[in-house]
1. Need at least 1 residues that are in contact (Cβ under 8 Å) with a residue 12 or more places away in the chain, crowded, with 21+ Cβ neighbours inside 10 Å and more than 13 Å from the chain's Cα centre (by Cα) per element, so show me which helices (runs of 4 or more DSSP H) inside region 98-197 make the cut, counting only ones lying wholly within it.
2. Please enumerate the residues belonging to region 24-57 that are at pLDDT 85 or above and exposed (fewer than 14 other Cβ atoms within 10 Å of the Cβ).
3. For region 211-232, which residues satisfy the criterion of being surrounded by fewer than 17 Cβ atoms within 10 Å (Cβ to Cβ) and in contact with a strand residue (DSSP E or B) (Cβ under 6 Å, 6 or more places away or on another chain)?
4. Taking the condition of being in contact with a helix residue (DSSP H, G or I) (Cβ under 8 Å, 6 or more places away or on another chain) and modelled with pLDDT under 90, how many residues in region 226-270 meet it?
5. Confirm whether residue 237 is in contact (Cβ under 8 Å) with a residue 24 or more places away in the chain, touching a strand residue (DSSP E or B) at 6+ places or on another chain (Cβ under 8 Å), closer than 21 Å to residue 97 by Cβ and not in a strand (DSSP E or B).
6. Look through region 216-234, keep the residues that are assigned to a loop (DSSP other than H, G, I, E, B) and touching a residue at least 24 places away in the same chain (Cβ under 8 Å), and return whichever of them is nearest to residue 147 (Cα to Cα).
């Protein structure tokens with residue numbers, strides 16, 4: 001009975017906090033629309049969106065009993081950067097964890113926009129949605145991320161393309177490394193690692209199995225169990241920033257990122273240094289799509305050239 005009450009309380013608090021955030025953020029958008037001219041409005045709304053998502057992420061983590069441990073320790077709020085953030089991917093909780101420390105926009109799959117609650121949170125955070133398996137959508141996404149990086153914004157991507165159980169890093173796809181190359185902005189690797197999960201008053205022996213959402217799990221099934229945990233600690237490890245220039249190649253950066261992210265886990269994947277282990281689907285899609293690209297479309301051709309080198 002106590003577990004049911006805790007689950008319902010947390011669910012109610014989550015709904016109330018989200019509703020409050022919706023009302024407050026909408027009110028601020030309306031005020032901006034009246035107080036500012038259109039020229040500066042888009043930039044200011046973007047800043048407001050990221051800030052609102054960061055505050056909401058921290059409140060939701062607190063409700064769920066999840067503590068984020070930033071390593072190395074961060075003093076206060078991390079300043080807004082102008083980098084491409086890259087991390088491994090365990091579950092939808094990663095967005096809350098990363099956003100709670102780094103003010104950033106995210107790149108995600110389009111179907112997330114239709115998920116209950118999570119979809120609204122993603123839209124609130126200014127997420128860039130892509131259609132999975134759609135090469136044209138991927139190219140458009142790379143171009144959009146490049147433009148945002150050049151404009152001084154910070155963007156985060158999950159280059160594995162899927163979630164894992166947190167024991168090892170999956171193959172890093174090089175496509176969005178092109179955005180960093182085209183904009184000549186640095187890449188900041190982040191490793192998300194589950195340290196501890198308390199259930200029924202004791203620490204779980206396999207905590208990542210509780211917080212990770214992967215395989216055939218449904219969203220509601222995972223959330224329903226998540227609402228029952230006593231507490232959890234997730235470590236967000238920040239690695240050294242990687243400088244990127246026009247001479248860098250996306251494939252080499254992807255290989256380096258895979259090794260870096262893997263080093264942040266307790267079990268390092270043995271294929272982290274294999275620079276040839278990357279998505280053949282991307283290559284096939286690029287070849288098919290290139291047949292329909294006009295010679296004058298230099299931006300699209302450059303994106304595929306850089307991702308294949």
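1. Filter on region 98-197 gives 135-150, 177-183.
2. Residues satisfying the conditions do not exist here.
3. 230, 231 - these are the residues of region 211-232 that are surrounded by fewer than 17 Cβ atoms within 10 Å (Cβ to Cβ) and in contact with a strand residue (DSSP E or B) (Cβ under 6 Å, 6 or more places away or on another chain).
4. Number of matching residues: 2.
5. no
6. 227
The values are calculated or read from the model by the stated rules, or taken from the named source; none is laboratory data. Just so we're clear, the structure is a prediction, and the values are computed from it rather than from any experiment. No Cβ is skipped: glycine too gets one built from the backbone with ideal geometry, and neighbour counts run over all protein chains shown.
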